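The values are calculated or read from the model by the stated rules, or taken from the named source; none is laboratory data. Just so it is clear, the model here is predicted, and its values are computed rather than measured. Positions of Cβ are backbone-derived with ideal geometry, glycine not excepted, and every protein chain shown enters the neighbour counts. Note: accessible area is taken over every heavy atom of the protein model, side chains too, but ligands, DNA and RNA are not part of it. Shrake-Rupley method; radii C 1.70, N 1.55, O 1.52, S 1.80 Å.
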Amino acid sequence: MAPPNDPNLYHHTSQLSPWARPYHPGRVVMVQWSLPPHGWYKLNFDGSVYHDGSARASIGGAIRDSDGRVVLAFAEPTEHSTVGIVEARAMARVLRLALGLNLQRVVVEGDDLMLVRLLRGEDTRTRIPVALQKEIHGLLRCFAGCDVRHVYREGNQVAHTLCRQAYHCPGVWVGTVPSVVFDKAEEDRRGVLHERSVVR
C-alpha cells in the first residue's frame, strides 16, 4: 500500500473529465428591488417545490404600490409539480388577485427567466402546459397597462419569503402582512442592495 505522502496516490483526481464544464471566474452584481412607476403597482410572485419526497409545493406573491407599500400578499400551498408549472401558477394567482382589486397598470415581476421570456414573446421554449400559458396571456390582456419583467431571486425576497410562509401559515393578507414579510418589504423600500455571484 502506498504511504499517505505518495504523490501518485491521488494523481487520478488532478485531471478534469473531458465532459467537465470550463471554469469561468464569477463576478458579483448588486441586485435591488425597484419601485413601480407612479400610478402603477408591482406584482412579485414566486413558486417553491420540494424534491424530498414530501410532495410539498407552494406559491406566494405580493402587490405593492408606487411607494413600496404592500397592498395585498398571499401564501398558499399548491399541488406538487415541476418548478416551471408552480411558478406559472403563482403568476396566474397574483394576476387574478390584482384584477380583483381593479388595478389597471401593473408590473409583473418574477425570478423564472424562462417564463418571463416566454410571456414577453422573447422565447418559444416553455415548461408549462399550453392551457396555462393561454390563461396567463388572457389575464395579462385584462390590464390597461402591463409589463412583465425578470428579477434575480435576491430582488424577489418578499415573494420568496411568502412561499416559505405557505408551509406553516398560509393566507391572504390585505394591508397587514406577517412581520417577516413586512421586514423584507421595508428592506426593499429602503433600497437595500443584495450581492449575487454570476458567471461571466
Which distance in nm do the two modelled labels at Asp123 and Cys169 give, with both placed 7 Å along the Cα-to-Cβ direction?
-> 3.6
Would you mind computing, in nm to one decimal, how far apart the modelled labels at Arg27 and Arg141 are, each placed 7 Å from Cα along Cα→Cβ?
-> 4.1
Just the accessible area per residue of the chain, please: how many Å² with a 1.4 Å probe?
-> 57
In deg cm²/dmol, rounded to 500, what helix-only [θ] at 222 nm does the chain give when every DSSP H run of at least 4 residues adds -39500 (n - 2.57) and the total is split over its residues?
-> -8500 deg cm²/dmol
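Given an 8 Å cut-off on Cα distances and at least 6 residues of separation, report the relative contact order of the range 55-200 as a percent.
On the way: 206 pairs, mean separation 50.9, N = 146.
35 percent.
Please report the carbon-and-sulfur percent of the accessible area for the range 85-188; probe 1.4 Å, protein heavy atoms only, DNA, RNA and ligands left out.
Numbers: 2480 of 4890 Å².
Carbon with sulfur: 51 percent of the solvent-accessible area.
Go ahead and run the numbers for FRET between Leu113 and Val180, Cβ-Cβ distance against an R0 of 22 Å, rounding to 0.05.
Details: r = 26 Å, r/R0 = 1.19.
About 0.25, to the nearest 0.05.
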Degrees separating the helix 83-100 axis from the principal Cα axis of the chain, which is the longest one | 20
With Cα atoms, 0 to 90° folded angle of helix 130-140 axis to the chain main axis | 50
